[in-house]
Amino acid sequence: ARVAEPLGLNVIEAAQGVIDVTVANAVREIRALTSERGIDHREYALLAGGGAGPLHGVAIARELGVGTVIVPPLPGVLSAAGLVLCDLRFDSVRSLPGTLERDGVNRIVEYFDRMTAASIDRLRAEGFTGEPVISLSLDMRYKGQNWEFEVPVARDQLDVETLAASFDRDHERLYRFKMPEHEHEIINLRVA
């Protein structure tokens, strides 16, 4: 039986197109993540794990200008090994839109406390008996911006001035400028 050739592509060309899209998507994600954190990905090696990582690793590295690709032994089980070896973790997110300057931090503190208690309850239900490590963060942006980013915060430093200064510092690190005179919007609360 003859295989249909949609859009005039043969099977080999279609397969190469799928690979090209896969590589382009991975490159786009790596560039977004590294540039968001102020990291020059060309200064690092690419670890090609998982089932398809070694298949696409060299092409991804070439597109990114990364000079080294590391393929561990048994790359297909790397994700499974990581799952078995990693710590038990629960992440929760709560939408709580508002601005620091108008709304203050009382609701933030209240929701963080609730979310933390619920997360600890989930850990205990899974049989965890140790002392959990709790991480808190806020998704924030300047009022009027279209994007936000995650800002780690400390439970004992949940006041307007400290949160605004933390966001300003991280914004300047990521984007090379800050606007402390603008209102600081909270989008989400995160507990891990």
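The values are calculated or read from the model by the stated rules, or taken from the named source; none is laboratory data. The shown structure was predicted, so the numbers you read here are calculated from the model rather than taken from an experiment. All Cβ positions, glycine included, derive from the backbone under ideal geometry; neighbour counts span all protein chains shown. Surface accessibility is based on the protein's heavy atoms, side chains included, excluding ligands, DNA and RNA. Shrake-Rupley method; radii C 1.70, N 1.55, O 1.52, S 1.80 Å.
Based on what the data block shows, is R102 modelled with pLDDT under 95 and either polar (S, T, N, Q) or open to solvent by 40 Å² or more (accessible area, probe 1.4 Å) (or both)?
Details: modelled with pLDDT under 95: yes; either polar (S, T, N, Q) or open to solvent by 40 Å² or more (accessible area, probe 1.4 Å) (or both): yes.
Spelling it out, R102 is indeed modelled with pLDDT under 95 and either polar (S, T, N, Q) or open to solvent by 40 Å² or more (accessible area, probe 1.4 Å) (or both).
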Notebook entry, point to check: Cβ-Cβ below 9 Å, separation at least six or inter-chain, first residue in region 127-140 and acidic (D, E), second in a loop (DSSP other than H, G, I, E, B) and open to solvent by 60 Å² or more (accessible area, probe 1.4 Å): which pairs?
Noted result: D139/E148
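Residues that are among the hydroxyl-bearing types (S, T, Y) and under 30 Å from L88 (Cβ atoms): find the strands (runs of 3 or more DSSP E) completely inside region 120-191 holding 1 or more of those.
The strands (runs of 3 or more DSSP E) meeting that bar are 136-142.
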Item checked: region 19-30 residues that are touching a residue at least 12 places away in the same chain (Cβ under 8 Å) and within 14 Å of G53 (Cβ to Cβ), paired with ones that are part of a helix (DSSP H, G or I) and of a type in the set (A, V, I, L, M, F, W, C) (beta carbon under 7 Å, 6 or more apart) -> V23/A59; V23/I60; A26/I60; V27/I60; V27/L64; I30/L64
Checklist line | Single residue of R42, R37, R89 found to be basic (K, R), farther than 30 Å from L158 by Cβ and open to solvent by 90 Å² or more (accessible area, probe 1.4 Å) | finding: R42
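Determine whether region 103-112 contains at least one residue that is within 27 Å of R31 (Cα to Cα), touching a residue at least 40 places away in the same chain (Cβ under 8 Å) and not in a strand (DSSP E or B).
Start the filter on region 103-112 by keeping residues that are within 27 Å of R31 (Cα to Cα), which leaves none.
No, there is no match, as no residue in region 103-112 is within 27 Å of R31 (Cα to Cα), touching a residue at least 40 places away in the same chain (Cβ under 8 Å) and not in a strand (DSSP E or B).
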Check: Among the residues of region 49-63, is there at least one that is modelled with pLDDT of 95 or more, surrounded by 15 or more Cβ atoms within 10 Å (Cβ to Cβ) and closer than 28 Å to E148 by Cα?
Finding: yes
Margin query: Step by step: first the residues of region 105-124, then only those that are of a type outside the set (D, E) and open to solvent by 90 Å² or more (accessible area, probe 1.4 Å), then the one that is nearest to L158 (Cα to Cα). Which residue is that?
Written below: N106
Note to self: Checking E183 against (1) charged (D, E, K, R); (2) closer than 23 Å to A32 by Cβ; (3) modelled with pLDDT of 95 or more; (4) touching a strand residue (DSSP E or B) at 6+ places or on another chain (Cβ under 7 Å): exactly one of these is not met. Which one?
What the structure shows: (2)
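Of everything in region 170-192, what is open to solvent by 90 Å² or more (accessible area, probe 1.4 Å) and within 19 Å of the chain's Cα centre (by Cα)? Give them in sequence order.
Selection gives R173 alone.
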Next item on the list: May I ask you to verify whether L83 is open to solvent by 50 Å² or more (accessible area, probe 1.4 Å), among the hydrophobic types (A, V, I, L, M, F, W, C) and either in contact with a Ser or Thr (Cβ under 7 Å, 6 or more places away or on another chain) or at pLDDT below 95 (or both)?
Entry: yes
